[in-house]
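Comments concern the structure below.
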């Protein structure tokens with residue numbers, strides 16, 4: 001096929017010139033030509049323009065729920081503004097979906113963000129329900145060490161279960177366990193009043209680190225070598 | 001490959017930047033496409049790929065995040081051959097390529113091999129594709145011979161094939177002796193136009209008899225690279241700058257230089273730097289003046305001392321202590337912000353002249369033609385690549401804008417010289433309905 005306007009031969013199955021888009025003159029040999037690229041299909045187009053992703057649907061539904069909660073909470077003149085808690089939990093769900101479920105980050109980073117987000121929700125609960133929860137120290141004294149311990153425990157169990165498939169999880173557990181010493185540091189600088197939970201958390205995380213180092217030293221050294229570029 | 005090395009690899013000096021600059025839609029990709037004389041047998045190609053990948057340990061990897069840098073980890077799985085996606089050079093991700101940094105796909109009689117630049121450059125990719133073709137043809141029962149031009153599956157793996165040649169050719173220098181200014185570009189004209197949605201890319205391939213093209217180049221006393229570069233610059237000026245009556249603009253081409261031709265290296269990983277070829281666009285520009293400017297720029301930038309200085313500078317940047325100890329997520333933020341402020345408008349287009357791809361003569365009955373393409377993005381909406389296989393040169397244009405004026409003008413220049421052109425396209429700029437009706 002030739003384009004008489006561009007003076008070029010068109011070497012793929014088409015009826016228009018790739019350069020000027022004018023109609024081509026054809027001959028009997030053109031039947032043998034194949035398309036050079038896969039054609040754009042309706043499926044591709046649909047895929048390109050879809051807005052109904054899981055994240056978008058969740059975002060839309062949570063916005064509606066949150067707006068309804070605000071209307072009820074403020075409309076009934078309730079003294080406790082619980083709607084902010086609902087908003088925070090919905091936001092937590094969204095961030096969990098984005099940064100934990102759909103993210104390709106390391107397991108310890110995901111767990112770290114979970115600790116941060118859950119701690120912030122706890123803090124918001126303290127602010128919103130300050131009339132019920134008068135003791136403001138429970139957050140750092142009790143909640144934070146428990147959240148860290150649960151996170152380390154969860155990641156530890158997952159690591160044990162999947163260690164054959166993914167040895168990097170051991171490294172992630174080790175890294176996350178280091179965060180377990182944070183509450184005891186807070187105690188040392190005077191941010192925490194009751195030491196018990198912080199001490200248990202530090203002890204638990206130290207035990208996890210010891211176990212990982214004793215039973216998987218080679219894997220950990222290998223993993224640290226590649227991640228730290230030794 | 002030693003057992004230790006087989007497990008993980010550092011990214012080479014030039015590759016380190018590519019994963020950091022990747023975003024949701026853009027990634028530094030390039031592809032090689034081979035048109036065969038018959039339809040591709042996908043099952044045979046799959047078997048050929050599974051066999052070939054074992055010969056290329058530096059390709060059999062997946063990208064991982066470290067604390068300070070990205071790194072490659074040995075991939076335990078098998079790569080798959082996919083049906084070619086209508087979206088050319090679609091982003092390579094772990095979800096759509098099984099964790100590999102390349103994607104082999106096929107459609108009708110075409111084999112597409114897309115590569116993430118972090119894993120290799122054009123030379124390494126070409127070696128891989130040649131080996132893949134050799135295995136494919138062998139499995140098909142064709143009589144082919146490597147003719148010392150193909151890394152066949154049985155040939156021993158040279159450890160130097162996966163070395164970082166930037167490091168082996170690095171000469172330590174003091175900071176005052178580094179040529180940092182040579183790596184910075186200056187503001188240049190950026191091609192504008194209506195962009196495709198959702199990382200869509202338009203591709204136009206022009207196939208021409210290499211002998212005819214070389215003859216025209218000889219008549220004009222220039223090389224193929226200089227001729228294509230000059231004609232492209234003229235086309236940009238004629239179709240984009242002149243009609244808009246813009247004030248004087250610098251047209252700047254970003255031209256990769258294969259360092260293997262200058263430094264001793266057999267690496268299959270990245271080993272290329274770049275030259276910036278710039279001219280101030282005006283009515284005084286002629287083909288002769290442009291070819292001589294390009295000749296001068298390339299002569300200057302391909303001197304061994306100049307390139308050695310550039311290697312020293314880029315390796316120094318990697319070895320610079322603050323850079324080394326900065327965590328990866330902070331590096332990414334810094335790179336992205338600096339690219340946002342300083343990286344844009346530093347080039348008009350990327351132009352890669354691959355030269356002649358050394359294919360064995362025994363492949364000739366089965367291969368129609370072969371070409372290279374480089375991904376375009378918003379910062380560089382048009383890329384142009386030229387490669388020759390056997391007697392056919394393929395000039396590839398990839399763009400993120402809808403209009404084809406530059407290509408049209410470029411083709412007009414070639415046909416005016418009497419060069420025969422065969423053109424193909426993915427027609428991304430044309431509506432589906434229009435294509436079907438026509």
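Read the figures in this text as sums done on the coordinates, not as results from a lab. No experiment lies behind these values; they were computed from the predicted model shown. Neighbour counts are summed over all protein chains in view; Cβ atoms, including those assigned to glycine, are modelled from backbone coordinates with ideal geometry.
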* To do: Report the residue, chosen from A:148, A:214, A:158, that carries the largest GNM mean-square fluctuation when chain A is represented by alpha-carbon nodes joined by springs under 10 Å.
  => A:214
* Asked: In degrees, nearest 10, range 0 to 90: what is the angle between the Cα axis of helix A:144-162 and the longest Cα principal axis of chain A?
  -> 50 degrees
* **Ranking of B:195, A:217, B:190 by count of other Cβ atoms within 10 Å, fewest first** => A:217, B:195, B:190
* To do: Note the angle between two axes, namely the Cα long axis of helix A:107-128 and the longest principal axis of the Cα atoms of chain A, as a number of degrees from 0 to 90, rounded to the nearest 10.
  => 60 degrees
* State, to one decimal in nm, how far the label point of residue A:167 lies from the label point of residue B:181, with both points 7 Å from Cα in the Cβ direction. => 5.0 nm
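Relative contact order for region A:66-211: what is it in percent, counting Cα pairs under 8 Å that are at least 6 residues apart?
Relative contact order here is 21 percent.
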* Structure fact -> If one builds a Gaussian network model of chain B from Cα atoms under 10 Å apart, the most fluctuating residue listed among B:85, B:121, B:416 is B:416
* Residue of B:394, B:106, B:222 that the Gaussian network model of chain B assigns the largest fluctuation, springs spanning Cα pairs under 10 Å -> B:222
* To do: Determine, for each peptide in B:380-387, B:174-181, the mean count of other beta carbons within 10 angstrom over its residues, then list the peptides with the highest first.
  => B:380-387, B:174-181
* Structure fact -> With the 8 Å Cα cutoff and a minimum separation of six or more residues, region B:3-168 has a relative contact order in percent of 31 percent
* Structure fact -> Counting other chain Cβ atoms within 10 Å of each Cβ in B:189-201 and taking the mean gives 1
* Asked: Can you give the helix-only mean residue ellipticity at 222 nm for the protein assembly as shown, where every DSSP H stretch with n ≥ 4 adds -39500 (n - 2.57) and the sum goes over all residues, rounded to the nearest 500 deg cm²/dmol?
  -> -12500 deg cm²/dmol
* Asked: Which FRET efficiency value, to the nearest 0.05, do you get for residue A:67 and residue A:104 by plugging their Cβ-Cβ distance into 1/(1 + (r/R0)^6) with R0 = 35 Å?
  -> 0.60
* To do: Quantify how strongly other chains surround peptide A:201-214 by giving the mean number of their Cβ atoms within 10 Å of each of its Cβ atoms.
  => 0
* Asked: Relative to the longest principal Cα axis of chain A, at what angle does helix A:83-96 sit, 0 to 90 degrees, rounded to 10?
  -> 60 degrees
* Asked: When only C-alpha pairs under 8 Å and at least 6 residues apart count, what is the relative contact order of chain B, in percent?
  -> 23 percent
* **Label-point gap, in nm, between residue B:41 and residue B:320 - each point 7 angstrom along Cα→Cβ** => 5.4 nm
* When A:24, A:144 are ordered from fewest to most other Cβ atoms inside 10 Å of their Cβ, what list results? -> A:24, A:144
* Rounded to the nearest 0.05, what FRET efficiency do residue B:197 and residue B:174 give with R0 = 35 Å and r taken as the Cβ-Cβ distance? Could you check? => 0.10
* Structure fact -> Taking R0 as 25 Å and r as the Cβ-Cβ distance between residue A:60 and residue A:158, the FRET efficiency 1/(1 + (r/R0)^6), rounded to the nearest 0.05, comes to 0.20
* How do A:40, B:240, B:319 line up, fewest other C-beta atoms within 10 Å first? -> B:319, A:40, B:240
* To do: Shielding by partners for A:9-17, please: the mean number of other protein chain Cβ atoms within 10 Å of each residue's Cβ.
  => 6
* Using a simple spin-label model with points 7 Å from Cα along the Cα→Cβ vector, what separation in nm is obtained for residue B:304 and residue B:67? -> 4.1 nm
